[in-house]
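Chemist: Please find one structure pasted underneath; my questions will follow.
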Amino acid sequence: MLSNVRTLWMVFLKMFKKKVTIQYPEKKAYLPPRWRGRIILSRDPDHNERCVACYLCAAACPVDCISLQATEDENGRRYPEFFRINFSRCIFCGLCEDACPTYAIQLTPDFEMGEYNRQNLVYEKEDLLIDGMGKYHGYSFYQQAGVAVGVKPKGGGEKEDPPVDVRTLLP
Amino acid sequence: MNEIWMQILVIVGVLLGTVTIAAGLIYVERKMLAVWQQRSGPNRVGPFGIFQVLADMVKIFFKEDWIPPFVDKKIFIIAPTIIMLSILMSFAIVPFAPGIVIADLNIGLLFFLAMSSLGAYTIVLAGWASNNKYSLLGGMRGAAQLISYEVFMGLSLMGVVIQVGSFNMTDIVNAQKGMWFVVPQFVGFVTFLIAGIAETHRLPFDLPESESELIAGFHSEYSGMKFGMFFVGEYLGITLVSCMITILFFGGWLGPSFLPPIVWFLIKMFAFILFFILLRASLARPRYDQLMGFGWKLLLPLTLLNVLITGAVVLSNA
């Protein structure tokens, strides 16, 4: 009986506390940078597409909502011919971001993607590509390693040694 | 002639006033529950959401008034009207201020007890007529609750009646000029408050309804304005019990003269209405055997003891 009275009093005191509700459309809640929301494709510091069309994201996707087709430019650099994410299937698990070797595909803190037409939830490459580098600044996959595709000469990467001249025995 | 018009004015005023307060309580309850749960509550319709009541009423009027094919049709329709009628009848004996009373009966308190007990028929009949297991369980709980609180509800008021020597509501208020009855009749106040909560079927004693286990209990099958009648009837019940507590234990319209008597009455009444809402915001519902045990084993002996002691004191002073 006494604990009931105590409960009443404690609930009454809640009157003078701050409200916890955030009035959503007017005020927005803070979303951390690594929040898993709308998926984007980022570009590297030279403003080229980071995506090398390796299909790892499409393979990792548990609901098969990513589809793409690889192609090559005149230097032999791979890029996706089309890149399509069906957001009506996407479960925002972030496995595609984990799988991506080039930091190209990233999830962003944005969830306001409501559409009246279901077909509008299918995002094409021009909807997904952004101008910036997303969460990972200064990273360029072809500058680190890999084949020469017109970005750097062979062995000219940041963490690469120049190629060994096999015709000399000198160290 | 003039007196008749005055009487009609009072009747219409009380009817409109009580029903308006009951409808306004929809907003007050939602807002105050929100305040006590650190939420915002309704705040979209109009400034501070005060037109929420209008929106709710419009919605409930335009809902389909569906009568399921398996119900006992006559009783199903009659049941929701009983609670509205019986509680509105009880308001006839409530003196809001000197002179503002519809029927100043010399057995006013008995009339209140009789009418408020009739309200229980609503629950039993609605639960039976719905022909639905959950509704029937709700109705049965309503009946079980009825026999556990009605007993000490009447007895808890007898202390007041013994002190005043009258069942007349105006006499009861006038007898509190020296001291409010909440002081000498504190046990009576507490027991009547608990009985009042049980009588209006409000949380924590909303066993017939108990939405978390019986869907909506006795009014599971009701929709549209019939459901609205239950709803408004519940709020009318809260208003009535708050009025009765104010009159019987807190001096009715009595108060310092810088405010008119009716304002004092309304202030006290709203304080109790808010207390009812606070109860809903904070307490959990007991099992119905717990409620019956509580009523019969603790509160009934307590009220009997209160009547005994009050009688002894009054006799020794006489």
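The values are calculated or read from the model by the stated rules, or taken from the named source; none is laboratory data. A quick note: this is a predicted structure, and the numbers were derived from the prediction, not measured. Neighbour counts run over all protein chains shown; Cβ positions are idealised from the backbone, glycine included.
Chemist: What pairs come out if I take residues in segment A:62-89 that are closer than 26 Å to A:Glu115 by Cα and pair them with residues that are aromatic (Phe, Trp, Tyr) and outside any strand (DSSP E or B) whose C-beta lies under 8 Å away, six or more apart or interchain?
Modeler: A:Cys65/A:Phe87; A:Leu68/A:Tyr55
Chemist: Among the candidates B:Ala114, B:Ala126, single out the residue that is more than 14 Å from chain A (Cβ to nearest Cβ) and touching a Pro at 6+ places or on another chain (Cβ under 8 Å).
Modeler: On the way: B:Ala114 fails: touching a Pro at 6+ places or on another chain (Cβ under 8 Å).
Criteria check complete, one pass: B:Ala126.
Chemist: Then there is this: For segment A:83-104, which positions are more than 11 Å from A:Glu124 (Cα to Cα), among the aliphatic types (A, V, I, L, M) and crowded, with 19+ Cβ neighbours inside 10 Å? Outline the logic, then answer.
Modeler: Start the filter on segment A:83-104 by keeping residues that are more than 11 Å from A:Glu124 (Cα to Cα), which leaves A:88-104.
When the remaining residues are screened for being among the aliphatic types (A, V, I, L, M), the result is A:91, A:95, A:99, A:104.
Matches in segment A:83-104: A:Ala104 only.
Chemist: Can you confirm whether segment A:12-22 contains a residue that is of a type outside the set (S, T, N, Q), surrounded by fewer than 16 Cβ atoms within 10 Å (Cβ to Cβ) and on the phi > 0 side of the Ramachandran plot?
Modeler: So far as segment A:12-22 goes, no, none of its residues is of a type outside the set (S, T, N, Q), surrounded by fewer than 16 Cβ atoms within 10 Å (Cβ to Cβ) and on the phi > 0 side of the Ramachandran plot.
Each row is one residue, and each column tells you yes or no for (1) under 26 Å from A:Phe12 (Cβ atoms); (2) touching a residue at least 24 places away in the same chain (Cβ under 8 Å).
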residue	(1), (2)
B:Ile11	no, yes
B:Ile26	yes, yes
B:Ala55	no, no
B:Trp66	no, yes
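Chemist: For the structure I just gave you, tell me whether A:Gly155 is modelled with pLDDT under 90 and surrounded by 11 or more Cβ atoms within 10 Å (Cβ to Cβ).
Modeler: Details: modelled with pLDDT under 90: yes; surrounded by 11 or more Cβ atoms within 10 Å (Cβ to Cβ): yes.
Here the answer is yes, as A:Gly155 does meet what is asked.
Chemist: Also: I need the helices (runs of 4 or more DSSP H) fully contained in segment B:246-318, keeping only those with at least 3 residues that are among the β-branched types (Val, Ile, Thr). Can you show your working first?
Modeler: Working: elements: B:261-282, B:288-293, B:300-317.
The helices (runs of 4 or more DSSP H) meeting that bar are B:261-282, B:300-317.
Chemist: If you don't mind, another one. So is A:Ala70 surrounded by fewer than 17 Cβ atoms within 10 Å (Cβ to Cβ), in contact with a Lys or Arg (Cβ under 8 Å, 6 or more places away or on another chain) and modelled with pLDDT under 90 or not?
Modeler: Working: surrounded by fewer than 17 Cβ atoms within 10 Å (Cβ to Cβ): yes; in contact with a Lys or Arg (Cβ under 8 Å, 6 or more places away or on another chain): yes; modelled with pLDDT under 90: no.
No.
Chemist: Do you know which residues across segment A:1-20 are under 23 Å from B:Leu291 (Cα atoms) and more than 8 Å from chain B (Cβ to nearest Cβ)?
Modeler: First pass over segment A:1-20, keeping only residues under 23 Å from B:Leu291 (Cα atoms): A:1-9, A:11.
Matches in segment A:1-20: A:Met1, A:Leu2, A:Ser3, A:Val5, A:Arg6, A:Trp9.
Chemist: Quick one: count up the residues across segment B:250-286 that are closer than 18 Å to A:Trp9 by Cα and within 14 Å of chain A (Cβ to nearest Cβ).
Modeler: Counting residues in segment B:250-286 that are closer than 18 Å to A:Trp9 by Cα and within 14 Å of chain A (Cβ to nearest Cβ) gives 14.
Chemist: Have a look at A:Pro80, A:Pro62, A:Pro32 and point out the one that is modelled with pLDDT of 90 or more, surrounded by 12 or more Cβ atoms within 10 Å (Cβ to Cβ) and away from chain B (no Cβ under 14 Å).
Modeler: Values: A:Pro62 fails: surrounded by 12 or more Cβ atoms within 10 Å (Cβ to Cβ); A:Pro32 fails: surrounded by 12 or more Cβ atoms within 10 Å (Cβ to Cβ).
Exactly one of A:Pro80, A:Pro62, A:Pro32 is modelled with pLDDT of 90 or more, surrounded by 12 or more Cβ atoms within 10 Å (Cβ to Cβ) and away from chain B (no Cβ under 14 Å), namely A:Pro80.
Chemist: Within segment B:254-270, identify whether any single residue is of a type outside the set (Ser, Thr, Tyr), over 16 Å from the mean Cα position of the chain (by Cα) and closer than 16 Å to B:Ile26 by Cβ, and answer yes or no.
Modeler: There is no residue in segment B:254-270 that is of a type outside the set (Ser, Thr, Tyr), over 16 Å from the mean Cα position of the chain (by Cα) and closer than 16 Å to B:Ile26 by Cβ.
Chemist: Which ones in segment A:46-78 are part of a loop (DSSP other than H, G, I, E, B), of a type outside the set (D, E, K, R) and under 16 Å from A:Val149 (Cα atoms)?
Modeler: Going through segment A:46-78, the residues part of a loop (DSSP other than H, G, I, E, B) turn out to be A:46-48, A:50-55, A:61-65, A:73-77.
Filter once more, keeping what is of a type outside the set (D, E, K, R): A:47-48, A:51-55, A:61-63, A:65, A:75-76.
Once the filter is applied, which keeps residues that are part of a loop (DSSP other than H, G, I, E, B), of a type outside the set (D, E, K, R) and under 16 Å from A:Val149 (Cα atoms), segment A:46-78 yields A:His47, A:Asn48, A:Cys51, A:Val52, A:Ala53, A:Cys54, A:Asn75, A:Gly76.
Chemist: Which one of B:Ala216, B:Ala144, B:Ala129 is over 21 Å from the mean Cα position of the chain (by Cα) and either without any contact (Cβ under 8 Å) to a residue 12 or more places away in the chain or farther than 21 Å from B:Ile309 by Cβ (or both)? Full working, then the answer.
Modeler: On the way: B:Ala216 fails: over 21 Å from the mean Cα position of the chain (by Cα); B:Ala144 fails: over 21 Å from the mean Cα position of the chain (by Cα).
Going through B:Ala216, B:Ala144, B:Ala129 in turn, just one is over 21 Å from the mean Cα position of the chain (by Cα) and either without any contact (Cβ under 8 Å) to a residue 12 or more places away in the chain or farther than 21 Å from B:Ile309 by Cβ (or both): B:Ala129.
Chemist: Give, as residue ranges, the helices (runs of 4 or more DSSP H) completely inside segment B:1-108 that count at least 2 residues that are within 14 Å of chain A (Cβ to nearest Cβ) and closer than 23 Å to B:Phe276 by Cβ.
Modeler: Ranges flagged: B:2-36.
Chemist: Based on what the data block shows, is B:Val232 in contact with a helix residue (DSSP H, G or I) (Cβ under 8 Å, 6 or more places away or on another chain), more than 14 Å from chain A (Cβ to nearest Cβ), among the β-branched types (Val, Ile, Thr) and surrounded by fewer than 19 Cβ atoms within 10 Å (Cβ to Cβ)?
Modeler: Working: in contact with a helix residue (DSSP H, G or I) (Cβ under 8 Å, 6 or more places away or on another chain): yes; more than 14 Å from chain A (Cβ to nearest Cβ): yes; among the β-branched types (Val, Ile, Thr): yes; surrounded by fewer than 19 Cβ atoms within 10 Å (Cβ to Cβ): no.
No: the conditions fail for B:Val232.
A quick yes/no check of all residues on (1) more than 25 Å from the chain's Cα centre (by Cα); (2) surrounded by fewer than 18 Cβ atoms within 10 Å (Cβ to Cβ); (3) over 30 Å from B:Ser282 (Cα atoms):
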position: B:Val45; (1), (2), (3): yes, yes, no
position: B:Met57; (1), (2), (3): no, yes, no
position: B:Phe62; (1), (2), (3): yes, yes, yes
position: B:Lys74; (1), (2), (3): yes, yes, yes
position: B:Ser90; (1), (2), (3): no, no, no
